[in-house]
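**Student:** For reference, the structure I am asking about is given below.
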Amino acid sequence: RYHYHQIFRKSVISFRTVFNKLVIKRKTPDRSDPEAIESYKLLVMYGRYQKYLAMIAGEPTPERASTQISLPRISFEITGLNYDTGRKLTPTQFSRTVPKAGSDAAKQPAQYAQFVPVPYNLEVELNILSKNQDDGLQILEQILPHFHPSLNVSIVVIDETREERDIAIVLNGVGYQDDYEGDYT
């Protein structure tokens, strides 16, 4: 029987949502008020960070004006999908979820019996792109305190049965890369 519960999609959306409310602040270039501060909400986009670097490096022309991007920005991409033997359960156990009242699953529970899910780890790489170091460090300083080394997010994995699971977003490591384009002036 065909089934597609969008579990990986929901996991990726949950991952992105964790970073939706990040903001950076900068002093304004307005010399009349040295205490004025501007706030910028960060964009969180799916895709390789090299894609965004290539867009920045591209020659700005009137045709490309609508595709120019602003920085700072966060990008993320799926880098792996690995079976987790440590979370494996007996495959013949049935899940004990209760279907939504009035749904097809509630009317015919025998047809909607489900097995225990197979445990996989979805590996995601998060990248911070910024024009200056202070912006990047502000973003990093807002992210790191949430991971000890993980952050749990609840998602409804199967809509028909309202099955909810906690997904641990684990911080495996932090790397730093400082790339320069052009001359150093």
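The values are calculated or read from the model by the stated rules, or taken from the named source; none is laboratory data. Note that the coordinates shown come from a computational prediction; the quantities given were computed from them, not determined experimentally. Side chains included, ligands, DNA and RNA excluded: accessible areas come from the protein's heavy atoms. Shrake-Rupley method; radii C 1.70, N 1.55, O 1.52, S 1.80 Å.
**Student:** Quick one: how many Å² of Tyr83 are accessible to a 1.4 Å probe, rounded to 10?
**Tutor:** Its accessible surface works out to 100 Å², give or take rounding.
**Student:** So, one more: When only alpha-carbon atoms count, how far does the stretch 1-55 stretch along each of its three principal axes, as whole angstroms with the largest first?
**Tutor:** Over the stretch 1-55, Cα extents along the principal axes are 68, 26, 9 Å.
**Student:** So how much accessible area does Leu71 have, in Å² to the nearest 10, using a 1.4 Å probe?
**Tutor:** 40 Å²
**Student:** For Leu89, Leu126, write out the residues from largest to smallest accessible area, computed with a 1.4 angstrom probe and no ligands counted. Could you put the intermediate results ahead of the total?
**Tutor:** Working: Leu89 95, Leu126 55 Å².
The ordering from most to least exposed comes out as Leu89, Leu126.
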